[in-house]
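Down below is the structure, laid out as structure tokens.
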Amino acid sequence: MLDLCAGRNVAADIQVVDVTAEPAAAEAGNVVGIPTVVREQPRPRRRVIGALDDTRRVAEALGLDDRPRDMDGADGQSQTNAGVADERA
């Protein structure tokens, strides 16, 4: 996850939770699938659930990347099954 912050001038407090060892922490964080990455601040909270191998797409989904998204995959990157949730509450 440090790769997501490198070169983006982002300070991060990263917590890794093993859902099998700490199920209460996973429940408290509303983890519904694994792997999950959650950006708590700035609001709104954002989370990416699923494949995390394409760091560019994950950074975009978390709002860490200001480059425009290539929605059709024409850049040669494989499409992943990562999902993003934008929690505006």
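Pairing residues of segment 30-42 that are in contact (Cβ under 8 Å) with a residue 12 or more places away in the chain with residues that are in a strand (DSSP E or B) and open to solvent by less than 60 Å² (accessible area, probe 1.4 Å), at Cβ distances under 6 Å and at least 6 apart in sequence or on separate chains, gives Gly33/Ile49; Thr36/Arg47; Thr36/Ile49; Val37/Val48; Arg39/Arg46.
Yes or no: Ala21 more than 22 Å from Gly7 (Cα to Cα), open to solvent by 60 Å² or more (accessible area, probe 1.4 Å) and not acidic (Asp, Glu)? Judged against the criteria, Ala21 is a match. Restricting attention to segment 27-66, which residues are among the charged types (D, E, K, R) and open to solvent by 70 Å² or more (accessible area, probe 1.4 Å)? Once the filter is applied, which keeps residues that are among the charged types (D, E, K, R) and open to solvent by 70 Å² or more (accessible area, probe 1.4 Å), segment 27-66 yields Glu27, Glu40, Arg43, Asp53, Arg57, Asp66.
Condition check: within 11 Å of the chain's Cα centre (by Cα) and at pLDDT 90 or above. Does Val48 satisfy that? Criteria met by Val48.
The values are calculated or read from the model by the stated rules, or taken from the named source; none is laboratory data. Keep in mind the model is a prediction, meaning the values are calculated, not measured. Counting neighbours? That spans all protein chains shown, and the Cβs are built from the backbone with ideal geometry, glycine included. Note: areas computed on protein heavy atoms with side chains; ligands, DNA, RNA excluded. Shrake-Rupley method; radii C 1.70, N 1.55, O 1.52, S 1.80 Å.
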